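Every number in this text was worked out from the coordinates using simple rules, so none of it is lab data. None of the values given here were measured: they were computed from a predicted structure. Here the Cβ is made from the backbone with ideal geometry for all residues, glycine too, and neighbour counts use every protein chain on show.
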Amino acid sequence: MTDTTTDGVSTTQAAIEQKLTDSVIASFDNTPDERLKTLMQALVKHLHAFIREVRLSEDEWSQAIEFLTKAGHITDDKRQEFILLSDVLGASMQTIAVNNPASGNATEATVFGPFFTQDAPEIPIGGDLSGGAAGQSCWVEGTVTDTAGNPLAGARIEVWEADEDGFYDVQYNDGRTAGRAHLYADTEGRYGFWGLTPTPYPIPHDGPVGKMLEATNRSPVRASHLHFMVSAPGQRTLVTHIFVEGDPQIEIGDSVFGVKDSLIKTFATQSPGTPTPDGRDLGGASWSRARFDIVLAPGMKTQQPPLSRPKEKTHG
Ligand code: BEZ
Ligand code: FE
């Protein structure tokens, strides 16, 4: 009897490969923790399917090991190349999607990124988070409510962003705190602050992930954005950004797939001399303003375990 082939693989060869996959899956049958068993067996199933589908060469296998080894070597308490890898492969955003199902009119979540710090200063409503960071001043205001529209008085709003040169404060080696703050919504759920008009910047791309992006003709640049983390008792903590309507990088593609249509906001440029909402004198400079009304979903669960992410330090 002749051996038939599918995609160039004979039936006999396919059976040998399947037998190996089956025996590796079975090796996890006695895992006491059911969830761990599910994870390991699905991982083996998909990993073997990938190897078989692409007919992975031994040289390619070696290159993959070398890539992961380099990612391990560049990773320390300040630099996390594996999270970056997860981000550029869309795995971070897919995990967020799986864990944050749409909840009515609740604001959508997006990727956390590596630049949050827990020690950002508190500012009053109307305060300035720029801390001397370079950039065009931007007035951001809005409300924080639950999905029924009730104001969430006292909601905690963390905001962080890069300067106009594309760097977060933690990427400079001088210990500065700039471009970040937290504030609390007032009794009617309102908030407002001065920040900087967001500009595009590249994710750290001097390591193996950057090389992979280059080899695949992908840009490391993120669409311009302003990060938020918003929490209130009884509500699911929201980690998100707002993006700048008209930013060409949205069309080109955000390197970590973080853009969602509902998060694209108008940052209206105000010509020099336009009166500011709080009468602040900007010395004749132009400025911008944006509105972001935040709706938190009910629940206690934090959407991600982001606080364990280490800071990046890559510049200066
Ligand atoms: C950021 O938005 O800051 C970011 C997100 C993912 C990877 C790197 C940077
Ligand atoms: Fe960012």
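A few points about this structure:
- Which of LEU238, PRO248, GLY258, positive extreme of dipole for the range 223-265 (C-beta unit charges): LEU238
- Label-reachable residues, the range 141-158, where backbone N falls under 19 Å from a point 7 Å from ASN105's Cα toward its Cβ: 141-153, 155
- When the alpha carbon gyration tensor of the chain is reduced to an equivalent ellipsoid, the three semi-axes, largest first, read 44, 23, 18 Å.
- Residue exposure proxy: LEU20, LEU84, LEU196, ordered by other Cβ atoms within 10 angstrom of their Cβ from fewest to most, comes out as LEU20, LEU196, LEU84.
- Residue among GLY90, ILE123, THR6 farthest towards the positive dipole end of the chain, charges placed on Cβ: ILE123
- Between ASN150 and ALA97, the distance separating the two model label sites (each 7 Å from Cα on the Cα→Cβ line) works out to 3.3 nm.
- Least to most buried among MET93, MET300 (fewest other Cβ within 10 Å first): MET300, MET93
- FRET efficiency, 1/(1 + (r/R0)^6) with R0 35 Å, evaluated for MET300 and ALA268 via beta carbons: 0.45
- Positive-pole candidate from ALA223, TRP194, GLY154, dipole of the range 98-236, charges at beta carbon: ALA223
- Placing +1 on the Cβ of every Lys and Arg and -1 on the Cβ of every Asp and Glu, with nothing else charged, gives the range 1-160 a dipole about its Cα centre of roughly 180 debye.
- Assuming charge only on the beta carbon of Lys and Arg (+1) and of Asp and Glu (-1), the dipole of the chain about its Cα centre is about 440 debye to the nearest 20.
- Distance between the modelled labels on LYS45 and ILE16, one decimal in nanometres: 2.5 nm (7 Å Cα→Cβ projection).
- 222 nm mean residue ellipticity, helices alone, for the chain (DSSP H n ≥ 4; -39,500 (n - 2.57); rounded to 500): -8500 deg cm²/dmol
- Rounded if a/c under 1.5, otherwise prolate or oblate - the range 38-136, Cα gyration tensor axes: oblate
- Estimated FRET transfer efficiency when R0 is 25 angstrom, pair LEU89-ASP119 (beta carbons, to 0.05): 0.25
- Where Cα atoms sit under 21 Å apart: lysine pairs in the range 1-137 separated by 8 or more or lying on different chains: 4
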